[in-house]
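Contents: one structure, followed by commentary.
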Amino acid sequence: MKEQITFTEIEYRLRRVTTRREAFLKEMDRLVPWAACVSLIEPVYPAGGHGRKPIGIETMLRMLFLQKWFGLSAKGTEEAIYDSYAMKQFMAIRFDEEQVPDATTLCRFRKLLSDNGLNEPIRSLVKAAMAEARISVRCGSITDAVVVKAPTRKKESKNAKKREKST
């Protein structure tokens, strides 16, 4: 069955420019040996049973790579996927069918890999694929601007009260 495209996808197909992030993620999607990475994790990944169906290993790997490549926190990664069309496409998530794994799920996945000594084997697979393609990746970061209301300093508020009393 052919998937129905969304209005957002139609709009993005009409763009004339491909962003650097979008080009990078397409290239990484092509280069990363997904099947080999997934096969390393499968023996230790929870199979599920009762309750909620576990999220696919490749989906979790994609989210983890986004976090590493762009220097994001777990929560920042979750939000960036909702916010960035290129990241959503890389994750292969359709919001009308599924949600982005939450930050806690990403942290648990990262811990699972660490506890089972899988970080280095996965990193080696990806590095080998990149070396073969003669590509190197330098990780960056996405700066997230947040408005934080700062408390007033006590000295300033005391001076303001004194001025109010004297008038």
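Coordinate-derived values only; no laboratory data. Note that the structure is predicted; figures quoted are calculated from it, not measured. A quick note on method: Cβ atoms are made from the backbone with ideal geometry, for glycine too, and the neighbour counts reach across all protein chains shown.
Sequence-ordered 3J(HN,Hα) estimates for region 82-90 from the Karplus curve with 6.51, -1.76 and 1.60 and θ = phi - 60° stand at 5, 8, 9, 4, 4, 5, 4, 5, 4 Hz, glycine and proline given as x. Using the Karplus relation 6.51 cos²θ - 1.76 cosθ + 1.60 with θ = phi - 60°, the per-residue 3J(HN,Hα) values for region 116-132 come to 9, x, 9, 4, 5, x, 5, 4, 5, 4, 5, 4, 5, 5, 5, 5, 4 Hz, with x marking Gly and Pro.
Work out, step by step, the length gained on full extension between H50 and R108: first 0.36 nm times the residue separation, then minus their alpha carbon distance; give nm to one decimal.
The span from H50 to R108 would gain 19.0 nm if fully extended.
Cross-link pairs exceeding 23 Å in C-alpha to C-alpha distance, out of K26/K53; K53/K127; K26/K111; K26/K127, comprise K26/K53; K53/K127; K26/K111.
For region 34-120, the C-alpha radius of gyration sits at 1.06 times the compact-globule guess of 2.2 N^0.38 Å, with N the residue count. With the simple spin-label model, which puts each label point 7 Å out from Cα in the Cβ direction, the R123 to Y85 separation comes to 3.5 nm.
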